[in-house]
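A short write-up of the structure that comes next.
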Amino acid sequence: MNTATRKPLPLPGGHGKVLLHSCCATCSGELIEAMRASAIDFTIFFYNPNIHPVQEYELRKNENIRFARQFGIAFVDADYDSDNWFARARGMEHEPERGIRCTMCFDMRLERTALYAHEHGFAVIATSLGISRWKNLQQVNDCGQRAASRYPGLTYWDHNWRKDGGSARSIEIARREHFYRQEYCGCIYSLREANARRAAQGRERAGPGGKD
Ligand code: SF4
């Protein structure tokens, strides 16, 4: 589906300015194209201190900046405060993906998104985190609602970006743009899990840029 055939997206409450938390270019590509097609005024907010190591973080961030620049979309490069992320993850090192460590991780990223939105006049926040089928959409949405509820007048947009062909378009955009495709969710613990799975399948280890 190209931009001409997309249905316009209704913004919650009719608000016009969205702060889009992006976890990576691959996940946010579809959201970016959908918002552009609906003439929504939005800014990309990159705050992902979970990504390990820093080379992988820079790779994912720079890929996202490259895509945003093509369309002149404003891009906020927030802190890489990974020390804070590790402090919050303490005691959850062996939790499985989709468990309480991921709730903490979504909370942390969306809390910062909500704070920035509140301080800079955005009425709506959204995130690319829920488009991946590896994520629990309800878990992501609960974290988004919790973050937005900290500030009066701020709304979390719980649109299901996978629906109406969103998942398929997301893959098409990633192929078309030759996005870097990460081999693990982001944190050091997800890298460990990915490598355990790969070892069991007799595959090479994953790492920054796809290799150790
Ligand atoms: S697996 Fe992904 S969502 Fe969960 S804590 Fe790690 S980086 Fe965050």
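The values are calculated or read from the model by the stated rules, or taken from the named source; none is laboratory data. Note that the structure is a prediction, hence the values are computed from the model and not measured. Don't worry about glycine lacking a Cβ; one is built from the backbone with ideal geometry, like all the others, and counts go over all protein chains shown.
See the values below:
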| item | result |
| --- | --- |
| Selection status of D79, out of contact with any Asp or Glu (no Cβ under 8 Å at 6 or more places or on another chain), farther than 17 Å from K17 by Cα, at pLDDT below 95 and not hydroxyl-bearing (S, T, Y) | yes |
| Residue in segment 56-68 that is touching a Phe, Trp or Tyr at 6+ places or on another chain (Cβ under 9 Å), buried (at least 21 other Cβ atoms within 10 Å of the Cβ) and within 20 Å of C143 (Cα to Cα) present | no |
| Residues located in segment 4-33, provided they are part of a helix (DSSP H, G or I), in contact (Cβ under 8 Å) with a residue 60 or more places away in the chain and buried (at least 22 other Cβ atoms within 10 Å of the Cβ) | A25, T26, C27, S28, G29, E30, L31 |
| Count of residues meeting criterion [more than 9 Å from the ligand (Cβ to nearest atom) and of a type outside the set (A, V, I, L, M)] in segment 180-208 | 15 |
| In segment 51-76, residue farthest from the ligand (Cβ to nearest atom) [restricted to those that are outside any helix (DSSP H, G or I) and either touching a Lys or Arg at 6+ places or on another chain (Cβ under 7 Å) or more than 25 Å from H118 (Cα to Cα) (or both)] | F71 |
| Of all residues in segment 112-130 being among the small types (G, A, S) and touching a residue at least 60 places away in the same chain (Cβ under 8 Å), the one that is farthest from the ligand (Cβ to nearest atom) | G121 |
| All positions within segment 100-138 that are at pLDDT 95 or above and among the hydroxyl-bearing types (S, T, Y) | T103, T113, Y116, T127, S128 |
| Condition broken by F67, with the remaining ones in (1) aromatic (F, W, Y); (2) over 22 Å from G207 (Cβ atoms); (3) without any contact (Cβ under 8 Å) to a residue 40 or more places away in the chain satisfied | (3) |
| Residue, farthest from E97 (Cα to Cα), within segment 143-157, restricted to residues that are touching a residue at least 24 places away in the same chain (Cβ under 8 Å) and surrounded by fewer than 18 Cβ atoms within 10 Å (Cβ to Cβ) | G153 |
| Which listed residue is within 21 Å of L11 (Cα to Cα) and in contact with a Cys (Cβ under 8 Å, 6 or more places away or on another chain), from S170, S132 | S170 |
